[in-house]
Amino acid sequence: MNPNVTHLECSLEGTRYEKDRVYRLSEAGRPLLVRYDLDRVRGSADRDEMAARDGGFWKWRELLPPADVEAAPRLGEVDTPLIELDRSPGVTVKDEGRLPTGSFKARGLAMAVAMAREFGIDRLCMPSNGNAGAALASYATRAGLKSLVYCPADTPRINIDETRFCGAEVVEIDGYIDDCGKKLAERASAEGWFDVSTLKEPYRLEGKKTMGLELAAQWNWSLPDAIFYPTGGGTGLIGMWKAFAEMKALGWIDGPLPKMFAVQAEGCAPMVRAFDAGERFADRWEDASTCAAGIRVPQAVGDFLILDAVRESGGAALAVSEAEIRSGWRALARDEGVLVCPEGAATFAAWKYATESGLIERGADSLLFNCATGLKYPLSDETA
């Protein structure tokens, strides 16, 4: 493991865990966070030199867990572009669909696979609503590891086909992603698969953290006023908030941090319900339904981390309707020439609401995360 890593820490209780051991959740059943010797990083790495390196998210190696990122599985990682919208002043889209496997899931799964191989683990599994499974399949295959993915039967067919085609064994079940997780856990225990589900091992979060590092560098070591993030399991939102804290401690950024907006669909909005009720933990959402499959997550193990980040930042958890998602999807494509996925369209709808309701000022610098290429989704006048 990277010598800059000092230990792991329970995200709820703060209990310290030794590094260089295989973990999933803490003893409290909560996500583990990787902690670094930031004084050592500050003395050995220059932020501008790091940002100027090639290699996409691997360039941030001093703040990543692998002992040797050069040995990590590579699929042509790049910095994802920022696209300023012409008809919505102050709004920029960060298009994560340019990453390998066409989604931001590449960041987390590449890191999880790299660390699994470093620990000698060769059988990886997870439940997935689509893009995560494809990323696991591709990076596991690249690293010479086996992969197993359980998907809800109504997962977009192209995601299922991509996952299977890239080498994973795919099992489709009737139910939601957490139902898949329960069935998968039984098989994993019986057959010796290592589960890399969202936030149920420590290293996917470190991959998603690179969105925050990369964004700060692209924004000239400043940050936007507001970030709108499509939130299911919420790894990316939590990871960015962690990255911002680390950069603050390193002295890389200064000034106020962005308002963080967790964006969900009205048909599956456990974070919004908990946020509005002033709760720190979110109950399971029953009968979840939305065309944005990536945010159809009825219950998230990192719920309190999402809600903590939203509240600490002065942001909010927002739900948008199916009609608003489809309208935003169409508007971005036909007015701006920017083809996003439905989850990305949800952030555009949430930004419109936040502006109109006064949650952010008109013209405020706002960043929308498009989490996957729109080419993975059926496109027609009826669906978009």
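All of the numbers you see were taken from the coordinates with simple rules; none came from a lab. Only a predicted model underlies this, so the values are computations on that prediction, with no experimental measurement involved. All Cβ positions, glycine included, derive from the backbone under ideal geometry; neighbour counts span all protein chains shown.
List of remarks:
- Test: residue in the stretch 309-322 that is within 20 Å of the chain's Cα centre (by Cα) and surrounded by fewer than 18 Cβ atoms within 10 Å (Cβ to Cβ): yes
- Once the stretch 73-103 is narrowed to residues that are crowded, with 18+ Cβ neighbours inside 10 Å and free of Cβ contacts under 8 Å to residues at least 60 places away in the same chain, the residue that is nearest to the chain's Cα centre (by Cα) is LEU99.
- Filter result for ALA116 (among the hydrophobic types (A, V, I, L, M, F, W, C), within 25 Å of GLY55 (Cβ to Cβ) and in contact with a Cys (Cβ under 6 Å, 6 or more places away or on another chain)): no
- Residue satisfying condition, being more than 18 Å from the chain's Cα centre (by Cα) and in contact (Cβ under 8 Å) with a residue 24 or more places away in the chain, within set ALA190, ALA262, ALA216, ALA274: ALA274
- Failed condition for ALA137, given (1) in contact with a helix residue (DSSP H, G or I) (Cβ under 6 Å, 6 or more places away or on another chain); (2) without any contact (Cβ under 8 Å) to a residue 40 or more places away in the chain; (3) farther than 28 Å from ASP178 by Cα: (3)
- Count of the stretch 298-308 residues, restricted to those that are among the β-branched types (Val, Ile, Thr), out of contact with any strand residue (DSSP E or B) (no Cβ under 6 Å at 6 or more places or on another chain) and either crowded, with 24+ Cβ neighbours inside 10 Å or over 30 Å from LYS182 (Cα atoms) (or both), is 0.
- Any hit, the stretch 148-168, residues being in contact with a strand residue (DSSP E or B) (Cβ under 7 Å, 6 or more places away or on another chain), free of Cβ contacts under 8 Å to residues at least 24 places away in the same chain and either farther than 16 Å from TYR377 by Cα or not in a strand (DSSP E or B) (or both): yes
- Residues of the stretch 332-352 that turn out to be crowded, with 19+ Cβ neighbours inside 10 Å and of a type outside the set (A, V, I, L, M, F, W, C), as a count: 4
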